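Quick notes on the structure that follows.
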Amino acid sequence: MKDNLVGFAVKMAPAAVATRLKGLSDRALAWLFIAPTMFLLLAINIFPLIWTIYLSFTNYRSNRPNAEVSFIGLEHYQNILSDPDVWLAMQATAHFVFWTLLLQTLIGFTLAWLIDRRFRGHDLWTTVILVPMMLSPAVVGNFWVFIYQPQIGLFNYAVSFATGISPTAFEMLGSVQLAPWAIIIVDTWMWTPYVMLICLAGLRSIPTYIYEAAEVDGASKWRQFWRITLPMALPFIMLAVLFRGIENFKMFDMVNLLTNGGPGSTTEVASITLKREAFEKWRTGYSSAFAIILFVTVFGLANIYVKALNAVKNR
């Protein structure tokens, strides 16, 4: 392996470089190949994170680049953790994450289970179901803004047809009670196919002989589902929840397009609050501290969840 790798590198390199490569070990040559990528990742990810941590301890404002920057310690963190508006934004974020994960998991797994039955035309229906996740969030946001219009939108007329309520009697995006659910509906419509795909992969990974053995033992379909299907697909379900949970916690584009945090601050999730502090109020140090708090929150919860996921996989 070493001779092949070094030989290939020597063959492809210029003569002056080839002479130096001949004396390198396999490990050194491997590091030489990945060094540019590592440097790029450090420049794109690590340096901005370190710079953000530094700014979070200062009073820096990006709209005043020439102003004196002073170190203020943990003042921003104390102000954020004691700010009731921030806690309201975190509450709105938690509401959004909880209901989208619940709905997307239930609907996604149900669709995956139905498609796994391999009925006639299941390939066509799988493709149709996947269409929403292939669209751009900008397209989806504008599309649903039109659908939610009380005068001409299809959503109100569909609800009116089902319940008898007048189409103009309610407004999804303008109501304090309904606006959060309007965003949940759109996100569920768009990303349930993603959860379905992961769950379908889990269902397809279950060997058929396990079901055959269960049928020989006289297990009913219901018992097979609870004893075989669900436990063996559970790691895939948890993986889908992990991916969607991280994405939904930092959700910005869909909320910004549909409500921009309104009406009032009803749908102002944490990412919208962060945007307002950073690019409307220009409190760069404050917003940097808020970003670090969100990062630590997501990282901590994801780390705990991954440990639970590994425990389920290794059970």
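The values are calculated or read from the model by the stated rules, or taken from the named source; none is laboratory data. None of these values were measured; they are calculated from a predicted model. Counting neighbours? That spans all protein chains shown, and the Cβs are built from the backbone with ideal geometry, glycine included.
Pairing residues of segment 291-304 that are in contact (Cβ under 8 Å) with a residue 12 or more places away in the chain with residues that are charged (D, E, K, R) and surrounded by 14 or more Cβ atoms within 10 Å (Cβ to Cβ), at Cβ distances under 9 Å and at least 6 apart in sequence or on separate chains, gives 294/250; 298/250.
Considered as a group, the residues in segment 146-173 that are touching a residue at least 24 places away in the same chain (Cβ under 8 Å) and out of contact with any Ser or Thr (no Cβ under 9 Å at 6 or more places or on another chain) include one that is surrounded by the most Cβ atoms within 10 Å (Cβ to Cβ), and that residue is 172.
Residue by residue, here is whether (1) closer than 21 Å to residue 95 by Cβ; (2) assigned to a helix (DSSP H, G or I) holds:
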| site | (1), (2) |
| --- | --- |
| 223 | no, yes |
| 233 | no, yes |
| 246 | yes, yes |
| 266 | yes, no |
| 286 | no, yes |
| 298 | yes, yes |
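Before we move on, is residue 57 crowded, with 17+ Cβ neighbours inside 10 Å, outside the structural domain of residue 184 (by TED's automatic domain parsing), touching a helix residue (DSSP H, G or I) at 6+ places or on another chain (Cβ under 9 Å) and on the phi < 0 side of the Ramachandran plot? In short, yes. Here is the figure for segment 145-193: residues that are among the β-branched types (Val, Ile, Thr), under 22 Å from residue 133 (Cβ atoms) and not in a helix (DSSP H, G or I) total 0.
Can you spot a residue in segment 110-124 that is within 22 Å of residue 290 (Cα to Cα) and in the same structural domain as residue 184 (by TED's automatic domain parsing)? No, segment 110-124 contains no residue that is within 22 Å of residue 290 (Cα to Cα) and in the same structural domain as residue 184 (by TED's automatic domain parsing). The set of residues in segment 203-255 being of a type in the set (Val, Ile, Thr) and in contact (Cβ under 8 Å) with a residue 24 or more places away in the chain consists of 206, 229, 237, 241, 246, 255. For residue 92, the criteria (1) free of Cβ contacts under 8 Å to residues at least 24 places away in the same chain; (2) under 20 Å from the mean Cα position of the chain (by Cα) hold in every case but one, which is (1). Listed conditions (1) out of contact with any helix residue (DSSP H, G or I) (no Cβ under 8 Å at 6 or more places or on another chain); (2) among the hydrophobic types (A, V, I, L, M, F, W, C); (3) within 26 Å of residue 301 (Cβ to Cβ) are all met by residue 133, apart from (1).
Could you identify the single residue in 131, 86, 176 that is surrounded by fewer than 16 Cβ atoms within 10 Å (Cβ to Cβ) and over 24 Å from residue 195 (Cα atoms)? Step by step, each of 131, 86, 176 is checked, and only 176 is surrounded by fewer than 16 Cβ atoms within 10 Å (Cβ to Cβ) and over 24 Å from residue 195 (Cα atoms). For segment 25-80, a tally of residues being in a helix (DSSP H, G or I) and either within 27 Å of the chain's Cα centre (by Cα) or within 16 Å of residue 295 (Cα to Cα) (or both) returns 22.
Considering only residues that are of a type outside the set (A, V, I, L, M, F, W, C), surrounded by fewer than 17 Cβ atoms within 10 Å (Cβ to Cβ) and in a helix (DSSP H, G or I), which ones fall in segment 197-221? Write out each step before concluding.
Kept after step one, since they are of a type outside the set (A, V, I, L, M, F, W, C), are these residues of segment 197-221: 202, 204-205, 207-209, 211-212, 215, 217-218, 220-221.
This time we only want the ones that are surrounded by fewer than 17 Cβ atoms within 10 Å (Cβ to Cβ), so: 204-205, 207-209, 211-212, 215, 217-218, 220-221.
Result: 204, 208, 209, 211, 212, 215, 221.
Counting only residues that are under 16 Å from the mean Cα position of the chain (by Cα) and surrounded by fewer than 16 Cβ atoms within 10 Å (Cβ to Cβ), how many does segment 254-295 have? The qualifying residues number 1.
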